[in-house]
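Input: a single structure, listed below in structure tokens.
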Amino acid sequence: MKIERFHHVAYRCRDAKETVDWYRKHMGMEFVLAIAEDEVPSTHEPDPYMHLFMDAGGGNVLAFFELPNSPPMGRDGNTPEWVQHIAFKVGSVKELEDAKARLEAAGIDVIGVTDHTIFKSIYFFDPNGHRLELACDTGTPDMYKRLDEAKWPMLEEWTRTKRAPKHAHWMHERELGH
């Protein structure tokens, strides 16, 4: 089996219309499909929902469920809020900087531009509390080759020690003044 792409990735939302409007306005995503049911198709549980689908580009779809009969949305309190996020690729640093300015002008708090050596990104939250990232690749072929060569040794060392391996420490040398 070979995975072709995401069919869709689904998250919960507080309000379907607010979510569609926000993603159209701030992320430029088109609203492609809505499905509303009174029963969950896979389990046959009676539970009304609105399932909406947004075009995330490249054939990828970001979907949301509004669940009016469920308790209010929450998040895993044991996981830092910076961990779980949805990252979208943009084509240039200029697009990233323009998006940051546009989001901030709309009153949305934005972290970054953060330089990750092989990409730059900004972070912000949607109206449902989901952390989003816009990222632009900036790495060179040599950087990606070095990281590809290091991935398995890094994973093996991490598995043994649960400490951050230094195989890719070169990515942070600029920050350290080297």
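Structural remarks
- Sequence-distant residues sharing a close amide H with Leu132 (under 5 Å, placed H): Ile86, Phe124, Phe125, Asp126
- The chain gives an Rg/Rh value of 1.02, both radii derived from C-alpha positions and Rh following Kirkwood.
- Those trypsin sites (Lys or Arg not before Pro) in region 46-95 that DSSP places in a loop and that have at most 16 other beta carbons within 10 Å: Arg75
- Here's the picture: charge each Lys and Arg Cβ at +1 and each Asp and Glu Cβ at -1 in the chain, and of Trp170, Trp22, Ser70 the one pushed furthest to the positive end of that dipole is Trp170.
- Compared with the dominant Cα axis of the chain, that is its longest principal axis, helix 93-105 is turned about 50°.
- Sparsely packed loop sites in region 97-178 (the trypsin sites (Lys or Arg not before Pro) outside DSSP H, G, I, E and B with at most 16 other Cβ atoms within 10 Å) comprise Lys162, Arg163, Lys166, Arg174.
- Computed Kirkwood radius, in angstrom, where 1/r is averaged over Cα pairs of region 9-66: 11.8
- Nearest-20 debye value, the chain charge dipole, Cβ charges on Lys, Arg, Asp, Glu: 700
- Local electrostatic count, Trp22, Cβ distance below 12 Å [Lys/Arg +1, Asp/Glu -1]: 0
- Within region 8-76, none of the chymotrypsin sites (Phe, Trp or Tyr not before Pro) combine a DSSP coil assignment with at most 10 other C-beta atoms in a 10 angstrom radius.
- Between 0 and 90°, nearest 10: helix 141-161 axis offset from the chain longest Cα axis: 80
- Each 10 Å bin from zero holds the following percent of Cα-Cα pairs in region 84-178: 14, 35, 33, 16, 2.
- Set Lys2/Lys151; Lys89/Lys151; Lys2/Lys94 screened for pairs whose C-alpha atoms are more than 24 Å apart: Lys2/Lys94
- Exposed GluC sites (Glu not before Pro) absent: longest stretch of the chain, with sites in DSSP loops and at most 10 other Cβ within 10 Å deemed exposed: 5-172
Computed from the coordinates by the stated procedures, all read-outs in this text should not be read as laboratory data. All of these numbers come straight from a predicted model, not from anything done at the bench. Quick reminder, even Gly has a Cβ in these numbers, built from the backbone with ideal geometry, and neighbours come from all protein chains shown.
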